[in-house]
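Let me begin by presenting the structure, written as structure tokens, before commenting on it.
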Amino acid sequence: MNEAPKTTYAADEPRSSLGLKELLRGLPTDRKHSVLDLGPASSGNVAFFSSYSCRLYIADLYYTLQQRSGRPPEQSVPFDRELSASLPDGCFDVILCWDLVNYLTGAQMEVLGRNLATRSRPGSRLFVLVAPHGEIPNLPRRFEILNPDSVLYSSRSSGRRPAPGYREPELNRWLAPFTVESSYLLRHGMQEYILIHERVRPGRRN
């Protein structure tokens, strides 16, 4: 995996989180946990998860895909092969997707869901942040967990773009076999979703 260049992030103010505590509550207690962070590396997140007896894997998926294809991931073709090669192997209990889905098309989210499902087990949880309206930064943010109730949002781009406005039915359809377990609309406008990996029941279409 290519090493990301030094990037300057403009620190935003800490934001409250309602879903993070629930996400952590779902971690298994009978074994060591595996957490996959699809966002940029953060020393704060490494320190935070060390207290939970976790193995933390960091993918910085947006940058890695961009390096592999030479273009932004939303313009990347063929996306499936590049995405699979950009993700670490393993079976993860929690996957921190953060705001990545805001920068993917629906078809690319389907590919993401399939690839994450092969690295998960029934009961694994996916944490997603969606901007339901308005504008978002041109590039995904970096998220640093300060405590189970608070996350620091940092932007690496001053430009803005329209938010895709994805809703729960679209997440259920495109990220199958993950389905929304709970969601929280935050005061600053972002919506947190916790999705859970379900077994595919006979006769069910993904």
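The values are calculated or read from the model by the stated rules, or taken from the named source; none is laboratory data. Keep in mind it's a predicted model, so treat the numbers as computed, not measured. For neighbour counting, all protein chains shown are included, and Cβ atoms are generated from backbone atoms with ideal geometry for every residue, glycine included.
The single condition among (1) modelled with pLDDT under 95; (2) surrounded by 19 or more Cβ atoms within 10 Å (Cβ to Cβ) that Pro148 does not meet is (2).
Could you please let me know if Glu135 is surrounded by fewer than 21 Cβ atoms within 10 Å (Cβ to Cβ) and free of Cβ contacts under 8 Å to residues at least 60 places away in the same chain? Yes, satisfied. The requirement of being over 17 Å from Ser183 (Cβ atoms), surrounded by fewer than 21 Cβ atoms within 10 Å (Cβ to Cβ), touching a strand residue (DSSP E or B) at 6+ places or on another chain (Cβ under 6 Å) and not aromatic (Phe, Trp, Tyr) is fulfilled somewhere in the range 114-128, by at least one residue. Of all residues in the range 162-177, at least one satisfies being of a type in the set (Asp, Glu) and either surrounded by 21 or more Cβ atoms within 10 Å (Cβ to Cβ) or touching a Phe, Trp or Tyr at 6+ places or on another chain (Cβ under 8 Å) (or both).
Residues are listed down the side, and each one gets a yes or a no for (1) touching a residue at least 60 places away in the same chain (Cβ under 8 Å); (2) of a type in the set (Lys, Arg):
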{"site": "Leu146", "(1), (2)": "yes, no"}
{"site": "Arg156", "(1), (2)": "yes, yes"}
{"site": "Pro162", "(1), (2)": "no, no"}
{"site": "Gly165", "(1), (2)": "no, no"}
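Quick check on my filter: what residues within the range 36-56 are in contact with an Asp or Glu (Cβ under 7 Å, 6 or more places away or on another chain) and farther than 13 Å from Leu100 by Cβ? Steps first, answer last, please.
Applying the first criterion (in contact with an Asp or Glu (Cβ under 7 Å, 6 or more places away or on another chain)) to the range 36-56 yields 39-42, 44-45, 56.
The answer is Ala41, Ser42, Gly44, Asn45, Leu56.
Pick from the range 1-26 the residues that are among the aliphatic types (A, V, I, L, M) and surrounded by fewer than 17 Cβ atoms within 10 Å (Cβ to Cβ): which of them is modelled with the highest pLDDT? Give the steps one after another, and end with the answer.
If we filter the range 1-26 for residues that are among the aliphatic types (A, V, I, L, M), which is where we start, we get 1, 4, 10-11, 18, 20, 23-24.
Going one step further and asking which of them are surrounded by fewer than 17 Cβ atoms within 10 Å (Cβ to Cβ), we end up with 1, 4, 10-11, 18.
Details: Met1: 40, Ala4: 44, Ala10: 58, Ala11: 64, Leu18: 94.
By that ranking, first place goes to Leu18.
Filtered by the rule that a residue be assigned to a strand (DSSP E or B), more than 14 Å from Gly134 (Cα to Cα) and not hydrophobic (A, V, I, L, M, F, W, C), the range 159-185 gives Thr179, Glu181, Ser182, Ser183, Tyr184.
Of the residues that make up the range 61-75, is at least one among the hydrophobic types (A, V, I, L, M, F, W, C), at pLDDT below 90 and surrounded by 19 or more Cβ atoms within 10 Å (Cβ to Cβ)? Spell out the reasoning first.
Filtering the range 61-75 for residues among the hydrophobic types (A, V, I, L, M, F, W, C) gives 61, 65.
Applying the additional criterion that residues be at pLDDT below 90 yields 65.
If we keep only those that are surrounded by 19 or more Cβ atoms within 10 Å (Cβ to Cβ) as well, we get 65.
Scanning the range 61-75, I find at least one residue that is among the hydrophobic types (A, V, I, L, M, F, W, C), at pLDDT below 90 and surrounded by 19 or more Cβ atoms within 10 Å (Cβ to Cβ), so the answer is yes.
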